[in-house]
1. Looking at (1) assigned to a strand (DSSP E or B); (2) open to solvent by 30 Å² or more (accessible area, probe 1.4 Å); (3) over 26 Å from Pro8 (Cβ atoms), which is the one condition that is false for Met149?
2. Restricting attention to region 57-76, which residues are open to solvent by 70 Å² or more (accessible area, probe 1.4 Å) and assigned to a strand (DSSP E or B)?
3. Just give me the residues in region 85-112 being open to solvent by 40 Å² or more (accessible area, probe 1.4 Å), assigned to a helix (DSSP H, G or I) and either basic (Lys, Arg) or closer than 19 Å to Tyr124 by Cα (or both), in sequence order.
4. Within region 102-153, track down each residue that is under 30 Å from Pro168 (Cα atoms) and either without any contact (Cβ under 8 Å) to a residue 12 or more places away in the chain or in contact with an Asp or Glu (Cβ under 8 Å, 6 or more places away or on another chain) (or both).
5. State which residue is nearest to the chain's Cα centre (by Cα) when the search covers only region 113-140 and only residues that are open to solvent by 80 Å² or more (accessible area, probe 1.4 Å) and hydrophobic (A, V, I, L, M, F, W, C).
6. Evaluate the following for Val163: is it within 30 Å of Thr5 (Cα to Cα) and either part of a helix (DSSP H, G or I) or open to solvent by 90 Å² or more (accessible area, probe 1.4 Å) (or both)?
7. Across region 1-56, which residue is surrounded by the most Cβ atoms within 10 Å (Cβ to Cβ) among those that are of a type in the set (Phe, Trp, Tyr) and under 16 Å from Ala120 (Cβ atoms)?
Amino acid sequence: MAQFTVNPQRFDPYKNYRFRLKWDGRYVAGISKISALKRTTSVVEHRDGGEAGTTRKSPGLTRFEPVTIERGVTHDLEFEQWANKVWDLNAGPGAEVSLKDFRKDIILEFHNEAGQLALAYRIYRCWPSEVQMLPELDANANAVAIQSMRLENEGWERDTSVVEPAEPSFTDPP
């Protein structure tokens, strides 16, 4: 069976450098890095007292790792506004957290080399647990200033409505 059903001539897996992140129906500006989507299910070992010294294993709790996103520092306020919903210094006592809307569902879109949407994942009930608005600054460095945000989440799943795109060829007419 071919690894790519629509493009059976393709043998190379997708590259990891074409992606976009969306929340509140808008793409977030300047995202340059996203950590892996990872979940871990703990193992529960048990045994029947009447059996020999062997154990059985079954799945226990499943945990979804936080997702860390990075982007270059810009004037865009998306990171700061969302982080302030979790804790805002100026909100006053008892109002530091916006319990109504501090969680967001986000969409991670993954594109092929031609820029076509190839895969998408929905990441549910995210909220920022750690925010770095400015990196360590160094007058002798030659680098882009990076902001980062760690998003706790309660699970993710692949959006199966996104199907493999028919990849273009330079010989195809426009």
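The values are calculated or read from the model by the stated rules, or taken from the named source; none is laboratory data. Computed from a predicted model, the values in this text were never measured in an experiment. Positions of Cβ are generated from backbone atoms using ideal geometry, with glycine treated the same way; all protein chains shown enter the neighbour counts. When the accessible area is computed, the model is the full protein with side chains, heavy atoms only, and any ligands, DNA or RNA have been set aside. Shrake-Rupley method; radii C 1.70, N 1.55, O 1.52, S 1.80 Å.
1. (2)
2. If the condition is that a residue be open to solvent by 70 Å² or more (accessible area, probe 1.4 Å) and assigned to a strand (DSSP E or B), then Lys57, Pro59, Leu61, Arg63 are the ones that fit.
3. Within region 85-112, Lys85 is the sole residue that qualifies.
4. Scanning region 102-153 gives Ile107, Asn112, Ala114, Gln116, Leu117, Ala118, Leu119, Ala120, Tyr121, Arg122, Ile123.
5. Selected residue: Leu134.
6. For Val163, the condition - within 30 Å of Thr5 (Cα to Cα) and either part of a helix (DSSP H, G or I) or open to solvent by 90 Å² or more (accessible area, probe 1.4 Å) (or both) - is met.
7. The extreme case among them is Phe19.
A quick yes/no check of all residues on (1) under 16 Å from the mean Cα position of the chain (by Cα); (2) in contact (Cβ under 8 Å) with a residue 60 or more places away in the chain; (3) more than 21 Å from Lys104 (Cβ to Cβ):
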{"site": "Ser35", "(1), (2), (3)": "yes, no, no"}
{"site": "Arg39", "(1), (2), (3)": "yes, yes, no"}
{"site": "Pro59", "(1), (2), (3)": "no, no, yes"}
{"site": "Arg63", "(1), (2), (3)": "yes, no, no"}
{"site": "Pro66", "(1), (2), (3)": "yes, yes, no"}
{"site": "Leu77", "(1), (2), (3)": "no, no, no"}
{"site": "Asn90", "(1), (2), (3)": "no, no, yes"}
